[in-house]
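**Student:** Below are the structure tokens for one structure; questions will follow.
Bear in mind that the values in this text are calculations on the coordinates, not laboratory data. Computed from a predicted structure; not experimentally measured. Every residue, glycine among them, receives a Cβ derived from its backbone with ideal geometry; neighbour counts consider all protein chains shown.
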Amino acid sequence: MTQAYAVFCGIDVGKGEHHAVGLDPNGKRLFDKALPNDESRLRAVFDQLATRGRLLIVVDQPNTIGALPVTVARACGHDIAYLPGLSMRRIADLYPGQSKTDARDAHIIAGAARTMPHTLRRVDTGDETLTELGVLVGFDDDLAGEATRTSNRIRGLLTSIHPALERVLGPRVAHPAVLEILSRCGGPEGIRAAGRRKLTTIATKHAPRMGARLVEEILAALPAQTVVVPGSRSAESVLPKLADSLKTVLLQRQQVAVDIEEMLADHPLSQVLTSMPGIGVRTGARILLEVGDGTAFASAGHLASYAGIAPITHRSGSSIRGEFPSRSGNHKLKRALFLSAFAALHDPTSRAYYDRKRAEGKKHNAALICLARRRCDVLYAMLKTKQPYRTPTPIPA
């Protein structure tokens, strides 16, 4: 965002209507009105501001409720940028007053675009595949959250009525065999009434290798508790419903994963990303959504800082100094890089670097962050050159 613009238009987006403020390079207000969330009205305002020269449009939410202004601005041929919420809150402290209004927020967005262009982030360039992929990945994130909530609810119920049984089923609650047992038998009383033969039939059908062992562990845990905890009768009827709900959510995640994989394969960078050890379909899609082709970052260090995996230096005089992990950054991208680093521990190169950091005294998570930072350099080079991952050749001693 280093071009010379004649007008800086900040838009505080909303559901029913937006508020737009236009500033010239000297900070003079050229426009300050509420805008209906309507294409014709947005086009009219953008055309009116564009008569003064080159126009930069900045929004605080480029997706969901801000999708229409971004799409209209792109169709009109204007440059678009995005001001992250954390940056906007920090910049707001520089302006007088404590009020929180749409007009003030829009003025802050336009002022940041005029005086602090380094705080802006580029909005995607209109890639249809990325837009469609973003919808699927967002739905998959919602399903993952629902699966976690349902799993925790099942484990919480089992813990309250029969802790010994929860210790057997809880860690495997998402396994098809465990879900089928809970769905068809219910809680401890229903499992006890089902008997060994029925449990073995259910378990071995969905888990041929561990089915018999799972049944033995369940039958060994049941006699550990002889008293009946209040609420057990209701839990017997609730557990099958929760198990069926979790099965449905997990099945939906599998179907969405297939759709994501098919859509990701249509993007030219998909083969580049997934060639790196530890990057699968879901993590590759998330990295592609958050980073794009990498051209928005001047170097790998900028990308690492944006992801929040670059260490932060704290120094005060000569007595306090050191480096600490960052608490800011793009948390979705940081999580994807962290999980990909964890999944890459089977790769000899990544494992050797991880072991070296552990030998230096770093704990598991700290060593994984170091590995994610190292892999970030490789990922940036891959995106820049559009070349797939190549295993490093060992240098002879």
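**Student:** Expressed as a whole number of Å, what is the distance separating the alpha-carbon centroids of segment 161-226 and segment 357-387?
**Tutor:** 41 Å
**Student:** Just need the relative contact order of segment 1-144 here, percent rounded to a whole number, with Cα pairs under 8 Å and 6+ apart.
**Tutor:** Relative contact order of segment 1-144: 27 percent.
**Student:** I'd like to know which of Gly294, Phe342, Gly361 lies farthest towards the positive end of the charge dipole of segment 270-385, counting +1 on Cβ of Lys and Arg and -1 on Cβ of Asp and Glu.
**Tutor:** Gly361
**Student:** Then there is this: For Leu30, which sequence-distant residues (separation of 5 or more, or a different chain) have an amide H within less than 5 Å of its own amide H, given hydrogens modelled in the peptide plane?
**Tutor:** Under 5 Å from the amide H of Leu30 lie the amide H atoms of Gly22, Leu23, Asp24, each far enough along the sequence or on another chain.
**Student:** Ok, one more. Going down the list Lys247/Lys334; Lys15/Lys241; Lys28/Lys100; Lys33/Lys334; Lys334/Lys363; Lys15/Lys334, which pairs span over 27 Å between their C-alpha atoms?
**Tutor:** Lys247/Lys334; Lys15/Lys241; Lys33/Lys334; Lys15/Lys334, as the Cα separations exceed 27 Å there.
**Student:** Sticking with this structure for a sec: For His175 paired with Asp38, estimate the spin-label separation in nm (one decimal), with each label point 7 Å from Cα along the Cα-to-Cβ line.
**Tutor:** According to this spin-label approximation, the distance is 6.0 nm.
**Student:** How many nm is it between the label spots at Ala193 and His331, if each spot is 7 Å from the Cα in line with the beta carbon?
**Tutor:** Result: 4.4 nm between the two label points.
**Student:** Using amide H atoms built in the peptide plane, which far-off residues or other-chain residues are under 5 Å from His18 H to H?
**Tutor:** For His18, the qualifying residues are Leu35, Asn37.
**Student:** For segment 107-121, take each phi angle, set θ = phi - 60°, evaluate the Karplus expression 6.51 cos²θ - 1.76 cosθ + 1.60, and give the result in whole Hz per residue in order, putting x for glycine and proline.
**Tutor:** Each residue's phi maps through the Karplus curve to give 5, 5, 4, 5, x, 5, 5, 7, 9, 10, x, 5, 7, 7, 10 Hz.
**Student:** Sorted by packing (mean other beta-carbon atoms within 10 Å per residue), highest first, where do 258-266, 20-28 land?
**Tutor:** Going from most to least packed, we get 20-28, 258-266.
**Student:** Counting only other residues whose beta carbon sits under 12 Å from that of Asp244, what net charge do I get with K and R as +1, D and E as -1?
**Tutor:** Computed value for this residue: +2.
**Student:** Quick check: residue separation of Arg122 and Ala220 times 0.36 nm, minus the Cα distance between them. What number comes out in nm?
**Tutor:** Working it through step by step, the gained length comes to 29.4 nm.
**Student:** Separate question: Sort Glu128, Glu290 so the one with the fewest other Cβ atoms within 10 Å of its own Cβ comes first.
**Tutor:** Lowest count first: Glu128, Glu290.
**Student:** Shifting gears a bit: Before rounding to the nearest 500, sum -39500 (n - 2.57) across all DSSP H runs of length at least 4 in the chain and divide by the residue total; then give [θ] at 222 nm in deg cm²/dmol.
**Tutor:** -18500 deg cm²/dmol
**Student:** Separate question: Sequence-distant or interchain residues sharing an amide H contact under 5 Å with Arg121, placed H: which?
**Tutor:** For Arg121, the qualifying residues are Tyr82, Leu83.
**Student:** On to the next question. With a ≥ b ≥ c the root eigenvalues of the C-alpha gyration tensor of segment 270-385, is it rounded (a/c under 1.5), prolate (a/b larger than b/c) or oblate?
**Tutor:** Taking the square roots of the gyration eigenvalues as a ≥ b ≥ c, segment 270-385 is oblate.
**Student:** If contacts are Cα pairs under 8 angstrom and at least 6 residues apart, what is the relative contact order of the chain in percent?
**Tutor:** It comes to 12 percent, rounded to a whole number.
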